[in-house]
Amino acid sequence: MSDRQVTTDINLALEALRAGQLVAIPTETVYGLGADARNDEAVRKIFAAKGRPADHPLIVHIGDAAQMKDWALTVSPAAQLLADALWPGPLTLLLQRHASVSDVVTGGRPTIGLRVPDHSLTLALLVAFGGGVAAPSANRFGKVSPTTAAHVVADLGEAVDLVLDGGPCRVGVESTIVDLSGEVPEVLRLGGISLDQIAEVLGEMPRVRVAAEPSDRGAKAPGMLESHYAPDAKIIVVDESAAIETLIDALANADGPVGLLSPAAMICLPEGIVELEPAGIASEYASVLYSRLRQADRLGITTLVVIPPSSVGIGAAVCDRLQRAASNR
Ligand code: TXA
Ligand code: MG
């Protein structure tokens, strides 16, 4: 990909979407690989570019909550409440799909995932476009999600026609997915909106049904089953109290450089540890998590010992991604 294909000009992005091309879009969570959700041929290109199985449904990004009715059969009171309170924002709502929605977007499922992202450039693009933009995270299937335009270019290269550069993603982990298509709301993926924020809107804690293990066949969000969020380095998640012992053990057994990622700088580290820049408290940790994992790979780190942030609020999503990265090898 040439520099010419990275732009901040939404008019170029608009033309490309209308022409059925692939446009990487910035959001507050991660970059998405977008195409016109009403154009099957364009949407098929997303699956080809990512190497993603065709039965994995895509989230449709819209510019305004009023467009929910174009994609969903009915907009339940809970859906309206959540959309009014938390959109634009890192929340995806699963609703029964409208008959006009293509199987290519939903992977043949009866539901559709919808979200109004909180990023000024992409919101302006979506409003000007008027339709929906289907977009998974703009990484190759199973890899770490991109949080900068440069990550997208590094992952997808020529497979994407245009990258809309909106700077580094503010939140840094993907949206929280709430399934509202059944009897009771169920959270299928932890993300940028916390369970407490959802409970505050709905008046009760939602049920949580995130796939615990890659082998959890009961999981309802198929993307959560695969080896996701995984860098090349082996990830070992430990409490701070066990970190030094784990690092010493890793140094003795690793077949390459051993790294450390932690919320704050640590004293008395064993010699030879590659200490990544501390990730900070949970919200800061979320915003740098994926770039730190990419950095570990760039530095050739083969074992990365990770001390997670507190699991409160968005920290729960960070801990979830770290557990997946650790278990998926
Ligand atoms: O923050 C985000 O959600 C980002 C940005 C780009 O919006 N998007 C994102 O998309 O993370 P993706 O495709 O990488 O992850 C979406 C997850 C997948 O696991 C997919 O299977 C699930 O949501 N999903 C989407 N629509 C669904 C549906 N109708 N039923 C069940 N799962 C669905
Ligand atoms: Mg993804």
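Overview of results
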read-out: Cβ pairs under 7 Å, 6+ apart, first in the range 5-24 and part of a strand (DSSP E or B), second charged (D, E, K, R) and open to solvent by 20 Å² or more (accessible area, probe 1.4 Å); value: V6/D165; T7/D165; V23/D161
read-out: Residues of the range 167-179 classified as crowded, with 22+ Cβ neighbours inside 10 Å and more than 16 Å from ligand 2 (Cβ to nearest atom), total; value: 2
read-out: Search result, residues across the range 255-286 that are surrounded by fewer than 16 Cβ atoms within 10 Å (Cβ to Cβ) and in contact (Cβ under 8 Å) with a residue 40 or more places away in the chain; value: D255, G256
read-out: Counted residues, the range 136-147 - those being buried (at least 20 other Cβ atoms within 10 Å of the Cβ) and over 10 Å from the mean Cα position of the chain (by Cα); value: 1
read-out: Members of the range 92-119 that are in a helix (DSSP H, G or I) and free of Cβ contacts under 8 Å to residues at least 40 places away in the same chain; value: D103
read-out: Residue under evaluation Y290, criteria (1) open to solvent by 20 Å² or more (accessible area, probe 1.4 Å); (2) in contact with a His (Cβ under 8 Å, 6 or more places away or on another chain), criterion not met; value: (1)
read-out: Qualifying residue in the range 104-112 (condition: within 14 Å of ligand 2 (Cβ to nearest atom), open to solvent by less than 30 Å² (accessible area, probe 1.4 Å), within 18 Å of the chain's Cα centre (by Cα) and not β-branched (V, I, T)); value: no
read-out: Positions within the range 40-63 being open to solvent by less than 50 Å² (accessible area, probe 1.4 Å), under 18 Å from V101 (Cβ atoms) and at pLDDT 95 or above, in sequence order; value: A42, V43, I46, F47, P57, L58, I59, V60, H61, I62, G63
read-out: Neighbours by Cβ (under 6 Å, 6+ apart or cross-chain): first from the range 121-137, in a helix (DSSP H, G or I); second buried (at least 24 other Cβ atoms within 10 Å of the Cβ) and of a type in the set (S, T, N, Q); value: T122/T27
read-out: Residue count for the range 199-208, restricted to those that are open to solvent by less than 100 Å² (accessible area, probe 1.4 Å) and either within 23 Å of R324 (Cα to Cα) or of a type in the set (K, R) (or both); value: 2
read-out: Scope the range 70-103; condition of a type outside the set (S, T, N, Q) and under 18 Å from the mean Cα position of the chain (by Cα); matching residues; value: L86, W87, P88, G89, P90, L91, L93, L94
read-out: Number of the exception - V116 against (1) out of contact with any Pro (no Cβ under 6 Å at 6 or more places or on another chain); (2) farther than 22 Å from R321 by Cβ; value: (1)
read-out: Residue among L12, L33, L17 that is touching a Lys or Arg at 6+ places or on another chain (Cβ under 7 Å) and in the same structural domain as R97 (by TED's automatic domain parsing); value: L33
read-out: Filter result (charged (D, E, K, R) and under 13 Å from T111 (Cα atoms)) within the range 53-68; value: D55
read-out: Elements of type helices (runs of 4 or more DSSP H) contained in the range 221-329, each with 3 or more residues being within 19 Å of the chain's Cα centre (by Cα) and at negative phi; value: 282-298, 315-327
read-out: Number of positions in the range 138-155 that are more than 13 Å from ligand 2 (Cβ to nearest atom) and part of a helix (DSSP H, G or I); value: 4
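So that you can scan it fast, the table gives a plain yes or no per residue for (1) surrounded by 19 or more Cβ atoms within 10 Å (Cβ to Cβ); (2) more than 16 Å from R115 (Cβ to Cβ); (3) of a type in the set (F, W, Y); (4) modelled with pLDDT under 95:
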position	(1), (2), (3), (4)
S2	no, yes, no, yes
Q21	no, yes, no, no
I25	yes, no, no, no
P77	no, yes, no, no
L81	no, no, no, no
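The values are calculated or read from the model by the stated rules, or taken from the named source; none is laboratory data. Owing to the predicted nature of the structure, the values given are computational and were not obtained by experimental measurement. Reconstructed Cβ throughout: ideal geometry from the backbone, glycine too, with neighbour counts over all protein chains shown. In case anyone asks, the SASA skips ligands and DNA or RNA and just uses the protein heavy atoms, side chains included. Shrake-Rupley method; radii C 1.70, N 1.55, O 1.52, S 1.80 Å.
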